[in-house]
Amino acid sequence: MANDQGHLMIKTALHAGRIMIENGSEIARVSDTIRRIAANAGYPDSKVYVTITGIMMSVSGEDNAQIEPVTTRSIDLEKITRVNDLSRHFADQKITLAEFDQRLTDLDQHPRYFPLWLQLISAGVLSGSLEVVFRGNYPDFWVTCLIGLIGWGIFYGVNQLAKVRFLSEFLAAAGIGVLAILAVKYHLGTSADDIIIGSVMPLVPGVPLTNAVRDILAGDLVSGVARGMEALMSAIAIGSGIAMILQAM
Amino acid sequence: MLNLLIELGLTYIATITFGVLLNVPRTSLNIGGWIGVLSFLAYRLCMMADMGIAIANLVGALVIGILSMQAARYKKMPVINFNIPALVPFVPGGQAYQMIKNFALGDVSTAISFLLQVTIIAGSIAFGLLLAEMVNRLQSKLMVIFSSRWSRDNRRNPKL
């Protein structure tokens, strides 16, 4: 790259793209954002190749393409929205390229998750309300809330320890299965099936599933299939956790 | 009737709480919840009119796709903030669970019939979202023709 501005532009654009993919954005949005950043920085003719595991970018007429691998993956839609806002601010020339890069680094280092207690309560309420919507079983509302809350707690705890999403889903599903069957055994609930269906809902891989469909429809076949595989693995992890408990007890 | 109202209220709560789990920005939670309620209402009305589970899910996903695109334009936020939480009441959780249970307990033929139901529902949701995408593209084409601000903003957009 001939000058510093070009270097900074590619660095910033790849940084923005990496944050978006890491947190569960669809591929078309990432390549669109990167192309816009390049165009707004004065390089209208850039070539970007985005997949779910890495980004390649070059500017036409200059040598040296650059690669940014994407290794970690989590779900945080707020970060995607913030990158989107920053890109809009940059397009309106409210911030400079250097400020843009600085704010991306800040954003990456200081995630703003909802506090854990709120996540736990949300998981519980989500389980209970979906149990009623799906099955119409009002008496089991409270016990489903409780078991869903514990299930999300297991998921969160194992995720902090092992950082393997499939393992945490498997263990959380197994825990939910045991608790639901015990709850029915000790007459806290009436139907183990309904309790399990509700409590498992917070673990559903909604983001990979939706993005897989969107990616495939947008023509990003490689990423779409990879993402579909991720969703399928999650579903298999949850399903085998439940199946194991149902067979054993 | 009372049941329907309770279900819609619970759908609103479920959509918002799923948004919390995905860390959706706070300002878009409420609109996401309303999209969830409206799409679930459309789904329920189709089910009441005996149109079959495939059409009902397709209509629900169509409503989600169209409304979340409008919300995304209005709030200037990525569309996944709205459509992923709103899809949660449509997840075929009951059928998927019955499938797993019957596979685990060895009743393979029942399990396969539930597997087919899950596939039908998932396919209808995917095609509902696809149709919504088409409607949204059509809308932006019309907007480009009729509104000068839009045509200035989107003149170089290759998708249009």
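The values are calculated or read from the model by the stated rules, or taken from the named source; none is laboratory data. What you see is a predicted model, and the numbers here were worked out from it, not measured in a lab. Cβ placement follows ideal geometry from the backbone for every residue including glycine, while neighbour counts extend to all protein chains displayed. We work out accessible area using only protein heavy atoms, side chains counted, and drop any ligands, DNA or RNA first. Shrake-Rupley method; radii C 1.70, N 1.55, O 1.52, S 1.80 Å.
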query: So A:Ala38 fits all but one of (1) touching a residue at least 40 places away in the same chain (Cβ under 8 Å); (2) among the small types (Gly, Ala, Ser); (3) crowded, with 22+ Cβ neighbours inside 10 Å; what number is the exception?
result: (1)
message: Any residue that is surrounded by fewer than 19 Cβ atoms within 10 Å (Cβ to Cβ), free of Cβ contacts under 8 Å to residues at least 60 places away in the same chain, closer than 19 Å to A:Ala243 by Cβ and among the aliphatic types (A, V, I, L, M) - is there at least one of those in segment A:146-156?
response: no
message: Out of A:Val143, A:Val184, A:Val178, I need the residue that is among the aliphatic types (A, V, I, L, M), surrounded by fewer than 24 Cβ atoms within 10 Å (Cβ to Cβ) and free of Cβ contacts under 8 Å to residues at least 40 places away in the same chain. Which one?
response: A:Val184
- request: Sort out which residues of segment A:64-90 are touching a helix residue (DSSP H, G or I) at 6+ places or on another chain (Cβ under 7 Å), farther than 26 Å from B:Phe18 by Cβ and open to solvent by 40 Å² or more (accessible area, probe 1.4 Å), and write them in order of number.
  value: A:Gln66, A:Glu68
statement: Exactly one of A:Ala192, A:Ala162, A:Ala218 is crowded, with 19+ Cβ neighbours inside 10 Å and either touching a Gly at 6+ places or on another chain (Cβ under 6 Å) or in the same structural domain as A:Asn137 (by TED's automatic domain parsing) (or both), and that residue is A:Ala192
statement: Inside segment B:31-52, the number of residues satisfying the requirement of being within 14 Å of chain A (Cβ to nearest Cβ), open to solvent by 50 Å² or more (accessible area, probe 1.4 Å) and hydrophobic (A, V, I, L, M, F, W, C) is 2
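Within segment B:1-28, work out how many residues are in contact (Cβ under 8 Å) with a residue 40 or more places away in the chain and crowded, with 16+ Cβ neighbours inside 10 Å.
Number satisfying all stated conditions: 10.
When you go through A:Arg18, A:Arg103, A:Arg88 one by one, which is the residue that is outside any loop (DSSP other than H, G, I, E, B) and either in the same structural domain as A:Gly228 (by TED's automatic domain parsing) or in contact with a strand residue (DSSP E or B) (Cβ under 9 Å, 6 or more places away or on another chain) (or both)?
Only one candidate passes the filter, namely A:Arg18.
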- prompt: Based on what the data block shows, is B:Pro89 under 18 Å from the mean Cα position of the chain (by Cα), part of a helix (DSSP H, G or I) and facing chain A (nearest Cβ under 8 Å)?
  reply: yes
message: Can you find a residue that is at pLDDT 90 or above, within 24 Å of the chain's Cα centre (by Cα) and more than 30 Å from B:Leu131 (Cα to Cα) anywhere in segment A:216-227?
response: no
query: Hey, among A:Gln93, A:Gln109, which residue is open to solvent by 60 Å² or more (accessible area, probe 1.4 Å), at pLDDT below 90, under 20 Å from A:Arg36 (Cα atoms) and not hydroxyl-bearing (Ser, Thr, Tyr)?
result: A:Gln93
- prompt: Restricting attention to segment B:53-64, does a residue exist that is in contact with a Leu (Cβ under 7 Å, 6 or more places away or on another chain), open to solvent by 10 Å² or more (accessible area, probe 1.4 Å), more than 13 Å from chain A (Cβ to nearest Cβ) and assigned to a helix (DSSP H, G or I)?
  reply: yes
